[in-house]
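To keep things clear, I will list the structure first and then write my remarks on it.
The values are calculated or read from the model by the stated rules, or taken from the named source; none is laboratory data. Here the structure is a predicted model, which is why all the values come from computation and not from measurement. Cβ atoms come from the backbone with ideal geometry, glycine included; neighbour counts cover every protein chain shown. What goes into the accessible areas is simple: the full protein's heavy atoms, side chains included, and nothing from ligands, DNA or RNA. Shrake-Rupley method; radii C 1.70, N 1.55, O 1.52, S 1.80 Å.
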Amino acid sequence: MEEERPTYGNLITILSIDGGGIRGIIPATILGFLESQLQELDGENARIADYFDVIAGTSNGGLVTVVLTAPNEKNRPLFAAKDIKDFYLDHVSKIFPQSSHRGPFALARKLLKAIGRPKYNGKYLHDLVKEILGKTRLHQTLTNVVIPTFDIKHLQPTIFSTYEVKSNPSLDALLSDICIGTSAAPTYLPAHYFQTKDSQGNVREFNLIDGGVAANNPALVAISDVTKKVFDRNQYFSPIKPMDYGRFLVLSLGTDSPKMEEKYNASLARKWGLLDWLISGSSTPLMNIYTQASADIVDIHIYVVFQALHSEHNYLRIQDDMLTGDVSSVDISTEENLLNLVAIGEGLLNKPVSTVNLQNGHFEPVRIEGTNGQALIKFAKKLSEERRLRESKSLLTKSAKSNCD
């Protein structure tokens, strides 16, 4: 990372992946397409982590972030992007096992279960990530990562950032613990407790739940983390100036939002009590509302900032807001539903690039931009050009230093 820092190029490259449970198949499908375009440009060994200065992910997006950046025995990413879709298809039905209860009492059983404990025990997920990630820690990722969580003991976000590890070693947790923590969605999966210990023996406790409580769309957290380092005059970003957002190149992937107006309305919600807010039909209104509100606010803010700086082309948000039925769920993991989500991700590549309408919050097409697939092809070219520029400048710098020595 140090040898190819942004100061050798023109841009600071950021990838952000929203949370959304099983809907994470959608950005996984999109990332597979992006990586295939990078491989066409730079060879079959090209990986997503080679091109982004920072990758941020919340909840299931945090898990995707980790498997894209954690090193294998050859010090290359554990997963190619194309493999993440199959990872979902192979495992999510065991992470979110579907109830076998049917009939008139099924809803009653569901409500009673929701009162007493999380919907799922999380054991399969915990065992899976521990097996995959082993003893790998935050500082070992192949590029910088930013993963939001929320500490319920202190009632504040805890951001696991490779930028902060050197100054705050207590954050250097096992990647498996970070993944379990950021995906511990309230009512769905249990909160996660663990400790870290620094070189002086100081112990820090973490009591974590889903990062979506703090930032379901972590793009702004990633931008803020980079900006903080620029303000601190971090050598990795020298001589970039604070607030030089025109140099940011940001790809933000949503997990597609449920079409809320078809699910909830004031006439219905005004009669709801606690259980109704937790469970309404096959969905969880409270969870859907706070994660969607968080994601949309971030998108609106970033879009306005980039528009004000005449840098709209440096920000690409791929998202849809038309999900209905089972595909809008975060945990209906039937084979049919999972394959439908794959189809939605593939179909999203053929949909027009859209931006948020600041009046109604809906995504509306930008006619001159073409499809999301076409935009990703252009994005891949920018990433490839940036990487090659950095490599050439890095070699020149090394050569100059060698001559001076």
note = Within segment 8-18, the count of residues that are farther than 17 Å from Ile377 by Cβ and either buried (at least 24 other Cβ atoms within 10 Å of the Cβ) or among the polar types (S, T, N, Q) (or both) comes to 6
ask   = Among (1) at pLDDT 90 or above; (2) touching a strand residue (DSSP E or B) at 6+ places or on another chain (Cβ under 9 Å); (3) farther than 18 Å from Ile30 by Cα, which single condition is Thr334 missing?
value = (2)
message = Take the conditions under 30 Å from Gly122 (Cα atoms) and surrounded by fewer than 19 Cβ atoms within 10 Å (Cβ to Cβ) and apply them to Glu369. Does it pass?
response = no
key: Subset of segment 56-101 that is of a type in the set (A, V, I, L, M) and in contact with a Cys (Cβ under 8 Å, 6 or more places away or on another chain) - its residue that is most open to solvent (accessible area, probe 1.4 Å)   = Leu63
key: Qualifying positions in segment 59-70 - of a type in the set (Ser, Thr, Tyr) and modelled with pLDDT of 95 or more   = Thr65, Thr69
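Per-residue answers, yes or no, for (1) modelled with pLDDT under 80; (2) part of a helix (DSSP H, G or I); (3) aliphatic (A, V, I, L, M); (4) out of contact with any Ser or Thr (no Cβ under 7 Å at 6 or more places or on another chain):
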{"site": "Ser252", "(1), (2), (3), (4)": "no, no, no, no"}
{"site": "Thr255", "(1), (2), (3), (4)": "no, no, no, yes"}
{"site": "Glu261", "(1), (2), (3), (4)": "yes, yes, no, yes"}
{"site": "Ser267", "(1), (2), (3), (4)": "no, yes, no, yes"}
{"site": "Trp272", "(1), (2), (3), (4)": "no, no, no, yes"}
{"site": "Leu275", "(1), (2), (3), (4)": "yes, yes, yes, yes"}
{"site": "Asn288", "(1), (2), (3), (4)": "yes, yes, no, yes"}
{"site": "Thr291", "(1), (2), (3), (4)": "yes, yes, no, yes"}
{"site": "Ile297", "(1), (2), (3), (4)": "no, yes, yes, yes"}
request  = Check segment 201-209 and report whether any residue there is surrounded by 18 or more Cβ atoms within 10 Å (Cβ to Cβ), modelled with pLDDT under 95 and either assigned to a helix (DSSP H, G or I) or out of contact with any helix residue (DSSP H, G or I) (no Cβ under 8 Å at 6 or more places or on another chain) (or both).
outcome  = no
message = Looking at (1) farther than 20 Å from Gly373 by Cβ; (2) outside any helix (DSSP H, G or I); (3) not hydrophobic (A, V, I, L, M, F, W, C), which one does Asp321 not meet, given that it meets all the others?
response = (1)
inquiry  = Restricting to segment 328-379, count the residues that are touching a residue at least 24 places away in the same chain (Cβ under 8 Å) and either among the β-branched types (Val, Ile, Thr) or within 19 Å of Leu249 (Cα to Cα) (or both).
reply    = 15
query = Quick one: would you say Ala46 is at pLDDT 95 or above, within 23 Å of Ser392 (Cβ to Cβ) and either touching a strand residue (DSSP E or B) at 6+ places or on another chain (Cβ under 9 Å) or in a loop (DSSP other than H, G, I, E, B) (or both)?
reply = yes
message = If I ask for residues that are open to solvent by less than 20 Å² (accessible area, probe 1.4 Å) and either assigned to a helix (DSSP H, G or I) or closer than 23 Å to Thr284 by Cα (or both), which ones from segment 331-359 would you list?
response = Asp331, Ser333, Asn337, Leu338, Leu341, Val342, Gly345, Leu348
ask   = Can you tell me how many residues in segment 133-173 are part of a strand (DSSP E or B) and open to solvent by 80 Å² or more (accessible area, probe 1.4 Å)?
value = 2
query = Of these, Gly32, Gly43, Gly21, which one is without any contact (Cβ under 8 Å) to a residue 12 or more places away in the chain and open to solvent by 10 Å² or more (accessible area, probe 1.4 Å)?
reply = Gly43
